Amino acid sequence: MDPGYRSGGVALDALVRAVPGLRGLADLTGEQVAQVGSQDMNDALWLTLARQVNALLLADQADGVVITHGTDTAEETGFFLHLVVKSDRPVVLTGAMRPSTSLSADGPLNLFNAVAVAADPAARGRGAIVVLNDDLHSARDVTKSNTTDVQTFISPGPGLLGTASYGQIRFFRGPSHRHTTESEFSIDGLDRLPRVDILYAHAGMPHDLVQASVSLGARGIVMAGMGNGNVPTETAHALADAANRGVVVVRSTRVVSGDVGRNIEIDDDTLGLIASDQLNPQKSRVLLQLCLARGLEPGAIQHAFYQY
Ligand code: GLU
């Protein structure tokens with residue numbers, strides 16, 4: 001069988017038709033906000049999507065929202081919505097690891113479970129939830145851990161929010177950090193997000209990448225650092241230089257689990273850097289963009305990384 005495919009190619013009606021019993025779970029209406037592989041998601045699409053979700057939920061037009069989304073960037077879109085949706089109603093993202101044309105396609109059951117979550121009153125107040133392969137993850141905690149496996153999503157550290165079994169939903173816990181109605185972040189009046197670049201640390205990393213980002217107009221830089229957010233010494237100096245010039249620098253990690261703490265091997269206080277605490281680089285970027293859009297100062301941004 002040919003494993004090649006084009007993502008984002010199945011229209012919404014066809015998705016709904018492919019899932020027996022779906023319309024028995026809830027009254028469903030659909031809107032096609034975008035039809036792209038999620039590698040093509042971007043800031044503008046996030047703003048459009050979040051506006052649409054807020055409009056539906058705040059106008060009392062839906063008890064919950066399900067978003068079908070590619071798995072590549074579902075964690076970022078989910079976290080963005082987790083921070084800027086202003087409703088306690090469920091916002092659920094789901095997708096599929098196998099194309100709809102493949103043997104044992106996983107999309108139909110994932111969509112069934114996602115609609116069951118969105119229709120469940122117990123899902124209220126839990127922020128954005130990612131549903132895949134019978135697992136419910138908080139959008140804050142989830143990350144893609146395997147390129148092809150149907151069991152790709154994990155929530156390292158905090159663990160699962162709950163499970164779904166053929167539409168039977170069980171919640172184990174609520175989200176641990178501020179979100180949606182308790183989030184200070186809003187997209188009102190925003191027509192773009194500030195540029196924040198992610199740089200990947202590695203042995204022998206050229207430190208002038210930092211300067212390149214600054215020259216290209218980045219207002220923030222997130223480091224996918226080694227280990228506990230470490231970077232080569234020359235890169236640390238370049239980051240301190242950028243911070244001195246008003247670019248906000250967050251140290252996250254390329255490691256899939258574990259926290260990044262302040263002042264461990266790198267002296268954040270002296271260099272003017274921020275530690276990401278528990279957020280991976282791609283989620284740190286989302287939070288930093290919203291912090292910058294809100295005009296927060298570095299001290300308040302560090303506080304936000306502990307709170308969200
Ligand atoms: N590139 C695809 C996407 O994230 C991956 C396949 C999928 O999981 O949908 O859109």
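The values are calculated or read from the model by the stated rules, or taken from the named source; none is laboratory data. What you see is a predicted model; the values in this text were computed from it and never measured. No Cβ is skipped: glycine too gets one built from the backbone with ideal geometry, and neighbour counts run over all protein chains shown. When the accessible area is computed, the model is the full protein with side chains, heavy atoms only, and any ligands, DNA or RNA have been set aside. Shrake-Rupley method; radii C 1.70, N 1.55, O 1.52, S 1.80 Å.
The residue list Leu47, Leu81, Leu56 contains one member that is open to solvent by less than 20 Å² (accessible area, probe 1.4 Å), touching a strand residue (DSSP E or B) at 6+ places or on another chain (Cβ under 8 Å) and at pLDDT 95 or above, which is Leu81. Checked against the criterion of being among the β-branched types (Val, Ile, Thr), assigned to a loop (DSSP other than H, G, I, E, B) and surrounded by 18 or more Cβ atoms within 10 Å (Cβ to Cβ), the candidates Ile187, Ile198 yield just one match: Ile187. Of the residues making up the stretch 79-107, those that are assigned to a helix (DSSP H, G or I) and more than 17 Å from Gln151 (Cβ to Cβ) are Phe79, Phe80, Leu81, His82, Leu83, Val84.
In the stretch 10-39, how many residues are touching a Gly at 6+ places or on another chain (Cβ under 6 Å) and assigned to a loop (DSSP other than H, G, I, E, B)?
Number satisfying all stated conditions: 3.
If only residues of the stretch 88-102 that are within 29 Å of Leu58 (Cβ to Cβ) and surrounded by 19 or more Cβ atoms within 10 Å (Cβ to Cβ) are counted, the one that is farthest from the ligand (Cβ to nearest atom) is Arg89. Of Ala224, Ala218, Ala243, all but one fail to be among the small types (Gly, Ala, Ser) and either part of a loop (DSSP other than H, G, I, E, B) or out of contact with any Pro (no Cβ under 9 Å at 6 or more places or on another chain) (or both); the exception is Ala218. The set of residues from the stretch 122-149 being open to solvent by less than 30 Å² (accessible area, probe 1.4 Å) and either out of contact with any Lys or Arg (no Cβ under 9 Å at 6 or more places or on another chain) or assigned to a loop (DSSP other than H, G, I, E, B) (or both) comprises Gly127, Ile129, Val130, Val131, Leu132, Asp135, His137, Ala139, Arg140, Asp141, Val142.
Of all residues in the stretch 25-36, those satisfying the criterion of being more than 16 Å from Gly107 (Cβ to Cβ) and open to solvent by 70 Å² or more (accessible area, probe 1.4 Å) are Asp27, Thr29, Glu31, Gln32.
Criterion applied to Pro175, Pro156, Pro206 was being over 19 Å from the mean Cα position of the chain (by Cα) and either open to solvent by less than 50 Å² (accessible area, probe 1.4 Å) or of a type outside the set (A, V, I, L, M) (or both), and the one residue passing it is Pro206.
Of the residues examined, Val10 is one that is farther than 18 Å from Leu81 by Cβ and either within 15 Å of the ligand (Cβ to nearest atom) or open to solvent by 50 Å² or more (accessible area, probe 1.4 Å) (or both).
For the stretch 278-308, residues that are open to solvent by less than 10 Å² (accessible area, probe 1.4 Å), farther than 15 Å from Glu76 by Cα and not in a helix (DSSP H, G or I) total 0.
Scanning the stretch 59-78 for residues that are outside any helix (DSSP H, G or I) and in contact with a strand residue (DSSP E or B) (Cβ under 8 Å, 6 or more places away or on another chain) yields Gly64, Val65, Val66, Ile67, Thr68, His69, Thr71, Asp72.
Does the stretch 103-121 include one or more residues that are hydroxyl-bearing (Ser, Thr, Tyr) and open to solvent by less than 20 Å² (accessible area, probe 1.4 Å)? No: the stretch 103-121 contains no residue that is hydroxyl-bearing (Ser, Thr, Tyr) and open to solvent by less than 20 Å² (accessible area, probe 1.4 Å).
Yes/no per residue for (1) among the basic types (Lys, Arg); (2) more than 12 Å from the ligand (Cβ to nearest atom); (3) more than 19 Å from Val115 (Cα to Cα):
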residue: Arg6; (1), (2), (3): yes, no, yes
residue: Ala14; (1), (2), (3): no, yes, no
residue: Asp27; (1), (2), (3): no, yes, no
residue: Leu45; (1), (2), (3): no, yes, yes
residue: Val53; (1), (2), (3): no, yes, no
residue: Thr73; (1), (2), (3): no, no, yes
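With respect to the conditions (1) within 14 Å of the ligand (Cβ to nearest atom); (2) over 23 Å from Val196 (Cβ atoms); (3) open to solvent by 40 Å² or more (accessible area, probe 1.4 Å), Gln39 lacks only one, and its number is (2).
For the list (1) under 17 Å from the mean Cα position of the chain (by Cα); (2) closer than 25 Å to Gly167 by Cβ, I need the number of the one condition that Leu25 fails. Among (1) under 17 Å from the mean Cα position of the chain (by Cα); (2) closer than 25 Å to Gly167 by Cβ, the lone unmet condition for Leu25 is (1). Of note, Thr253 does not satisfy the criterion of being touching a His at 6+ places or on another chain (Cβ under 7 Å) and β-branched (Val, Ile, Thr).
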